[in-house]
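The values are calculated or read from the model by the stated rules, or taken from the named source; none is laboratory data. The structure displayed is predicted, hence computed values, not measured ones. Using ideal geometry, Cβ is built from the backbone for each residue, glycine included, and neighbour counts are taken over all protein chains shown.
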Amino acid sequence: MDPTSNLQPVQPPTSNLQPYNGAMWDAWRSACLRQDLVKHLWAEQAIRSQEVAEAFLVLPREYFLPHLPLEQVYQDEAIVVKRVDGEPRSSSSQPALMADMLEVLELAPGQRVLEIGAGTGYNAALLARLVGPRGRVVSVDIDPEMASAAQTHLAQAGLPEVQVVSGDGAAGWCARAPYDRIVVTVQQYDLSPAWVQQLKEGGLLLVPLTLHEPLRLALIPAFRREGRSLVARSGSLGAFMYMQGQMAHPRLAEPALALTSGPPEEGLVLLAESLQARAFFQALRNSRPGPGRWRPIARERAPAPSDLQHQGGLALLLGMEVGSRAFRLRSGHDRYGFKGYALGLVGPTGRGATVITTSELLHYADAEAAPEARALLDRWHALSCPGQRDFPITAVPTGEQPRPAQAGWSIARTHHTFLIGTPRR
Ligand SMILES: C[S@@+](CC[C@H](N)C(=O)[O-])C[C@H]1O[C@@H](n2cnc3c(N)ncnc32)[C@H](O)[C@@H]1O
């Protein structure tokens, strides 16, 4: 049942309040805006349960974002709260993403939860509401200033029992382990062994994970601990800020490369760091001056997915199959052969590249990548058009063999190897 259907309009403070109390008006406006946000999140299916709806309704987000206008606080948007040299370092995540993650965590009263990346403390507060007074929430932030602000906000919100720790979340927080749930709100390339050790058998680890760097393919799988392994269905799309500290991953030098001159939003932009794609497009730019340079030499009809979830499934398959020859492009004008976002792959010798739009294959410079692109789409259709959520993922400590052995692809990182299985629908 939709828990927002029986929400009554919040009554404004009555006019005989003497003297005029601005704080009461703000509280009333905040309650109205909270109701609107919850209705929106329910309609978007980010909130799917009474419990998560109630947590959002009772916790004013402005306690965690003081000094911002209420209308801004209740937009369904991420809000950056700290920058260093212009670069975002901390934020309050988008409420839709937070709600979806809270639903996936299947929280219940009495559970112990560890959060990595406290930020403002708002998500820790929602977690605390959901596990109730018998539960326990600990949140770790590497930035002492953020940790201290989060603890203050939580106390103001009436939740002083939530413990905020200043430190590198890569080590987890063993003092309160084991945990029923660990939720990571910072982007990862690997899983810390400490998280697995501190998670109960059968517990969930929800973590934003970059699985394919050249495509910047990020998922948020919910791994269930099964002995030394973790088993998940690939999760929602979504990315967070980069992890700092001992598990920080080297940053991409130039994550986007404008290929055409003029405003990037009107031109052709290579969106992620694929060295092969970068070399191919740079060579094309140098070798073929003139307006025809960015036009496809041939095109063929080939239906491909148009919605994000299924494009994510195709991207995963592409990334696993062709590795660092995969790329993602954005075109601001039809003159380049397509408009919008598209996946692509460079051919095996680097002479040509094929772009996969929602309805066509476009071949640039040479059609050498065409057979692979066709085979990829055939395979995706033969697998019943999987979306990004349909790929099983198992994480095992690097160097150990999974049992039983699995068909699929493997991505080895320092601590864990991720085995991406054949999609099940
Ligand atoms: C996106 S914000 C957290 C958002 C918050 N949990 C929420 O959902 O609103 C990411 C936070 O992670 C913190 N962080 C980055 N690297 C970290 C690390 N190694 N250990 C703990 N916290 C880290 C940053 O300081 C930042 O405050």
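What the table below lists for this structure:
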read-out: Members of the stretch 106-134 found to be in a loop (DSSP other than H, G, I, E, B) and surrounded by 22 or more Cβ atoms within 10 Å (Cβ to Cβ), listed by number; value: LEU107, GLN111, GLY117, ALA118, GLY119, THR120, GLY121
read-out: Any hit, the stretch 311-325, residues being outside the structural domain of PRO208 (by TED's automatic domain parsing) and not in a helix (DSSP H, G or I); value: no
read-out: Qualifying residue in the stretch 52-60 (condition: among the small types (Gly, Ala, Ser) and either without any contact (Cβ under 8 Å) to a residue 40 or more places away in the chain or away from the ligand (no atom under 15 Å from the Cβ) (or both)); value: yes
read-out: Of all residues making up the stretch 129-153, the number that are more than 10 Å from the ligand (Cβ to nearest atom) and within 24 Å of LEU209 (Cα to Cα); value: 2
read-out: Number of the condition not met by GLY408 [criteria: (1) surrounded by fewer than 19 Cβ atoms within 10 Å (Cβ to Cβ); (2) over 28 Å from SER236 (Cβ atoms)]; value: (2)
read-out: Cross-chain or 6+ apart pairs with Cβ under 8 Å, the stretch 75-91 first and in contact (Cβ under 8 Å) with a residue 24 or more places away in the chain, then more than 10 Å from the ligand (Cβ to nearest atom) and in a strand (DSSP E or B); value: ARG89/ARG83
read-out: Residue identified as modelled with pLDDT of 95 or more and out of contact with any Cys (no Cβ under 7 Å at 6 or more places or on another chain) among ALA96, ALA23; value: ALA96
read-out: Test: residue in the stretch 154-174 that is within 14 Å of the ligand (Cβ to nearest atom), assigned to a strand (DSSP E or B) and either closer than 15 Å to VAL207 by Cα or among the aliphatic types (A, V, I, L, M) (or both); value: yes
read-out: Hits in the stretch 175-189 - residues which are more than 9 Å from the ligand (Cβ to nearest atom) and out of contact with any Pro (no Cβ under 7 Å at 6 or more places or on another chain); value: ALA175, ARG176, ALA177, PRO178, TYR179, ASP180, ARG181, ILE182, TYR189
read-out: Answer residue from the stretch 47-101, given it is buried (at least 18 other Cβ atoms within 10 Å of the Cβ) and basic (Lys, Arg) and is farthest from the chain's Cα centre (by Cα) among those; value: ARG61
read-out: Every pair of residues 6+ apart whose Cβ atoms lie under 6 Å, when the first sits in the stretch 116-131 and is hydroxyl-bearing (Ser, Thr, Tyr) while the second is in a loop (DSSP other than H, G, I, E, B) and at pLDDT 95 or above; value: THR120/PHE64; TYR122/PHE64
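Matching residues to (1) over 25 Å from the mean Cα position of the chain (by Cα); (2) buried (at least 18 other Cβ atoms within 10 Å of the Cβ); (3) on the phi > 0 side of the Ramachandran plot:
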{"residue": "VAL346", "(1), (2), (3)": "yes, yes, no"}
{"residue": "GLY352", "(1), (2), (3)": "yes, yes, no"}
{"residue": "SER359", "(1), (2), (3)": "yes, no, no"}
{"residue": "ALA367", "(1), (2), (3)": "yes, yes, no"}
{"residue": "ARG379", "(1), (2), (3)": "yes, no, no"}
{"residue": "GLY387", "(1), (2), (3)": "no, yes, no"}
